[in-house]
C-alpha cells in the first residue's frame, strides 16, 4: 500500500478527498466527497491560440459532490441547516492521516434534489470572486525621470491589495515600508521615497521582491516629517524620531552591503552599514566603522533578511522642538537574522555629540560592492510578523515602464493579468495559495526542471498534432510608446498640459458641496504629485487675475446654466482635487455663496480644467515586424502587447521571443493522461523522455485536470513543448573539453546539429 | 362446512427455525435472525481502475476498502422470522449486522489488525508491527464471552490495554517474556452491550477480537458487526390458509454502509 503522494505503487490506494464547505455564517464540517474534479489552467490572454506559448491568466474551476441529507439540507430549512449561496471550500486529499492540500476555492452554484442523497458544488478560484475595484495602481513616479519602473511593480502593488505579499505587509509599529519591488516607491506612507541613480541601475538584485542594482541612493522621508494636507494646501510638519532612549528597527533583505544613513533637519546624524553578517556604525564618513558580527541566514524562510536595532541616547532634547536639537550619543546598532535569534553584540560609536532628531533616512548601495536591498520596514517594535512567510513570488518581467497606468475601474486581479499578459508572463495562484508570477524566460523553460516523466512508464498515450496554423511566416507586434507632454502651446502661449476637462456643467446649490469621481485615461502628474499625492490641490478661478490660468487648474462659474447671469467672485467656488490612483481623482466643489452656480463660462460651455506639469499620452501604436513581406506571407500573425509595453527595446525583445517560437515548426501535446502525481501544478517545467521513440523534450505544464471517485483518480495534463534554451545547451556541453568535443563532433554534419543540438553524444 | 364467522384463536405453526448465524441490531438491541437458509452469499466489491501506459505497464488504483453485500434467503419463513428485517427496511439508520462466521474469525477492521512497521512471524504469518499507539473501539455483545489477543515480541510490561463495557472493567495483556514472537490474550463476558476499547502499544501486531472462542491462529479482520442497509426485501408466497399464518420464501440484501 502506497503512502507517498509523489511515487505511487503499481497498486495504489486512492486517498479520501475531503472538502470543508463553509457557507456564509457557518463553521462548516469536513466531509468526504463522492466525486470531485479540479482543473487549473494557464490561458493566453494576449497571444493568439495558435502560438505554442501560454502566458497570462490562470483559470481554476472544479466541482465536488458530497453526501447530504436531502430533507434537512435545503434552501428552505430552518436556519441552522439552511443551504445558503456562496461560501468557501478547502479541498484536501487524506491518506493514512496525511493530508495533501488541493487548494482553497470559492463556492459557486450548489444543487441537490429531494430524491438525491448528494449535493453538487461548483468551485471557482477565489481570486475570481468578490473583486471590487481597489485603489488600483497608485500614481507612481514617472518612469522616464527616475530609475524606471519594472512592470513587476504593478503586479506586486496590485497583489498587495489582494493580500499576497512578496515582502511583509506593514506591521502595526511601521514608520515606513519600502518593498523595492520594481519601483522606488514607499508603500507606507504613500510616497515619501524616491531614488537617485548614478551608475547602471537596474532591477532584480533580490529574488522574491526585486531590489535595485547599481549605484543608487534612495531617500526616505519619514511620514512624521512630511507634508500634511491642511486647508487644501500641503504644509510641512516635522516630528523627528530617535529623540529619546528609544529604538528603531530596520528590517530588510540585503545583498552584500547597504548603508542606512540617518538624516535630520541639520544634516546627517549617523551611518549604519548593514551586511548579511555584520552591522557597523559611524558618525561621519571620516570615521572608521565600529562593527559587530551577526550570524547570517538563521531564518530558513528569509535567508537574506536581517533586522537591525538602532539607538542613540539623547539628553537635553526638547520634544516639542521640531529640530529636537540637543546632545546625543553614543550611537549604536545590533542585528539578528531571525525573529527568535539572539541579538548580536552592539556596534557602538562611543561618545556624545550635538545633533538633531531623525526625520528621514537614505539607503546607499554601491555598484562596486554589488549591494542591493528590498523589503525594508522601519518600525518602532521588533514585530515577529516581519518574519512571516511570503505569500507571493513575483519575477521581474524584464523591461521598464514609463507610464504605469490602469483604468480605475479595473479590479486588481484583472490588472495583474493585463500586465503579465503584455509581458508574455503568467500569474497564477498555486496549489499552496502562493501567488506565482513567472516571466517569459521561465515560461520558455529557462528554469529548473521540476521532474522527469518517463513517458513509457507513466503516460497512457502521447497524442501529438502538427498544424500549419501553428506556424507564422510573418509577425507584427504592436506596442504603445509613451509621449511625454510637459508643456504645450495654447493660444500661442506656453501652458501646462490638461489632465482632465469636465465634459458637462456641474450644478452647485447655494452653500452646497459637490464631489466628482473622475476617471483619467492616462497618467498625469499634478503640481504636487509627487511627492504629495494624497494632498488636496487648490484650484483657481480662471477669471482671477492673480492666476495664470494656463498653469493651474481652473474653474469658471455663472448663476445660469446657459452662461448668462452675474459673474460670481473669484472665491465663489472652493475647488480642490485629490489624486486617488493613476486612473482616478476626486474633485470637491464647494459653493461659498448664497446663489446656485453652474461651472460654465459665459458661453454656457463647461469649464473645469485640471492641469498638471506632465501628462503621459499613449495615443499611438508602433509596430515591429518579423518575417516575410505582407504580400508574400501566407500565415501572418498579429500580436498586440497593449499599453504596458512602451519602449522599442522591450517590444523588440518580446517580438524576438515570440518569433523564435512562431517561426519554427513544432507540435502540440494536449490531454495527456498520466499516472497521478499530486505535486504537478500549472507552471511546472517537466522533462519528458521515452526511449523507444527517442523522445527527450522539456515542457511547460499549462493545464492540470484531476478528477476522482472511489478507486479512481485521473490526472490529465496539457503541455506546451519548449525549445531547448541556452541554459540547457550550456549544462549539456559544460562537461566537454576541447579535445573531447572534437571527438564527439567527428563525423557529424550541420544537419545533425540543426536537427537537435541536445541529441549529440 | 360452514365458514367460521369469528376467527379461531391463532394457531402457532411449529416452525423449525435454523440457528442461523446472523444477528441484527435494531434500536440498540440485538435480534437473532432466524430461518436464514444455508447458502447465504457474501459478495465483496472494491472500486478500482487501471491505467496502461505507452510501454504496457499497468497501474492500478483501488479504493481503501471494499464493500460487502449479504444476500440472504429465508425459506418458508414465518412472519416472526422476517419482522426484524422488515422493520430495518422501514426504519433505516442505526441497523447493524453481526455475521457469526465473522465474529468468530476476527471482529476488527482489516486495517486495524496490524501496522506498517517491521513484520514479526505470527505462527508463520508475517505481520507488520504497529509503529505507534493504536486505539480501537468496537461494539461487543452482552453475555457473549469475547476474546482479545495480539502478537508481540516484547519481553516485559503491558502491551495491550482493554476496557470492557459495563462493570467488567480493565484487562491488561502483559508480555509473556522472552524475545520470540508470542501471542497474548484475555477474555471477558460483558454484562451489557457497549464499546470495547483496545489500546495497543507500538510493537504489537496481529490484533484479534473474537466471540466465544479464540481461534488457534491469527485470522484477518472482518469488520464485524457492520452497519448495513436492508434492501430488496421480496417474498414469494408458499402457503396461505384461512385458519393459519401464511408462510413465504423471502430474499433480502444487506449492504454494508457507513464508516
Filter result (in contact with a strand residue (DSSP E or B) (Cβ under 8 Å, 6 or more places away or on another chain), surrounded by fewer than 16 Cβ atoms within 10 Å (Cβ to Cβ) and closer than 26 Å to residue A:401 by Cα) within the stretch A:653-671
A:656
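Please go through the stretch A:293-310 and pick out each residue that is assigned to a strand (DSSP E or B) and surrounded by 19 or more Cβ atoms within 10 Å (Cβ to Cβ).
Scanning the stretch A:293-310 gives A:305, A:306, A:307, A:308, A:309, A:310.
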Kindly indicate the residue of the stretch A:614-633 that is more than 27 Å from the chain's Cα centre (by Cα) and part of a loop (DSSP other than H, G, I, E, B) and also surrounded by the fewest Cβ atoms within 10 Å (Cβ to Cβ) among those meeting that condition.
A:631
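Residues of the stretch B:173-193 being within 18 Å of residue B:211 (Cα to Cα) and touching a residue at least 40 places away in the same chain (Cβ under 8 Å), which ones? Break it down into steps so the answer makes sense when it comes.
Residues of the stretch B:173-193 that are within 18 Å of residue B:211 (Cα to Cα), as a first pass: B:173, B:183-193.
Correct list: B:183, B:187, B:188, B:189, B:190, B:191, B:192, B:193.
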Matching residues, the stretch A:121-150, being at pLDDT 90 or above and crowded, with 18+ Cβ neighbours inside 10 Å
A:121, A:123
Failed condition for residue B:104, given (1) farther than 15 Å from residue B:22 by Cβ; (2) at pLDDT 90 or above:
(1)
Return a yes/no flag: does the stretch B:72-85 have any residue that is outside any helix (DSSP H, G or I) and within 14 Å of chain A (Cβ to nearest Cβ).
no
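Quick one: is residue A:669 closer than 19 Å to residue A:47 by Cβ and within 14 Å of another protein chain (Cβ to nearest Cβ)? Spell out how you get there, then give the answer.
Numbers: closer than 19 Å to residue A:47 by Cβ: yes; within 14 Å of another protein chain (Cβ to nearest Cβ): yes.
The answer is yes for residue A:669.
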Just the residues that are at pLDDT below 85, in a loop (DSSP other than H, G, I, E, B) and over 16 Å from residue A:554 (Cβ atoms), please, taken from the stretch A:487-519.
A:487, A:492
Counting only residues in the stretch A:685-699 that are crowded, with 20+ Cβ neighbours inside 10 Å and more than 13 Å from chain B (Cβ to nearest Cβ), the one farthest from residue A:15 (Cα to Cα) is identified as A:697
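From the set of residues in the stretch B:59-71 that are more than 14 Å from chain A (Cβ to nearest Cβ) and surrounded by fewer than 19 Cβ atoms within 10 Å (Cβ to Cβ), which is farthest from residue A:673 (Cα to Cα)? Walk me through it before giving the result.
So the first thing to find is which residues in the stretch B:59-71 are more than 14 Å from chain A (Cβ to nearest Cβ), and the list is B:68-71.
With surrounded by fewer than 19 Cβ atoms within 10 Å (Cβ to Cβ) added as a condition, the list becomes B:69, B:71.
On the way: B:69: 33, B:71: 39 Å.
Ranking the qualifying residues of the stretch B:59-71, first place goes to B:71.
What do you reckon, is residue B:56 touching a strand residue (DSSP E or B) at 6+ places or on another chain (Cβ under 6 Å), within 14 Å of chain A (Cβ to nearest Cβ) and outside any strand (DSSP E or B)? Walk me through how you get there before you give the answer.
On the way: touching a strand residue (DSSP E or B) at 6+ places or on another chain (Cβ under 6 Å): no; within 14 Å of chain A (Cβ to nearest Cβ): yes; outside any strand (DSSP E or B): yes.
So residue B:56 does not fit the description; no.
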Kindly indicate which of B:196, B:207, B:219 is touching a residue at least 24 places away in the same chain (Cβ under 8 Å) and part of a loop (DSSP other than H, G, I, E, B).
B:219
Identify, by number, the condition in (1) assigned to a helix (DSSP H, G or I); (2) within 14 Å of another protein chain (Cβ to nearest Cβ) that residue A:677 doesn't meet.
(1)
Could you tell me whether the stretch B:34-47 includes any residue that is surrounded by 15 or more Cβ atoms within 10 Å (Cβ to Cβ), within 14 Å of chain A (Cβ to nearest Cβ), in contact with a strand residue (DSSP E or B) (Cβ under 6 Å, 6 or more places away or on another chain) and over 27 Å from residue B:193 (Cα atoms)?
no
Against the definition (in contact with a helix residue (DSSP H, G or I) (Cβ under 6 Å, 6 or more places away or on another chain), on the phi < 0 side of the Ramachandran plot, away from chain A (no Cβ under 14 Å) and at pLDDT 90 or above), how does residue B:24 come out, yes or no?
yes
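The values are calculated or read from the model by the stated rules, or taken from the named source; none is laboratory data. The structure displayed is predicted, hence computed values, not measured ones. Every residue, glycine as well, gets a Cβ built from its backbone with ideal geometry; the counts of neighbours run over all protein chains shown.
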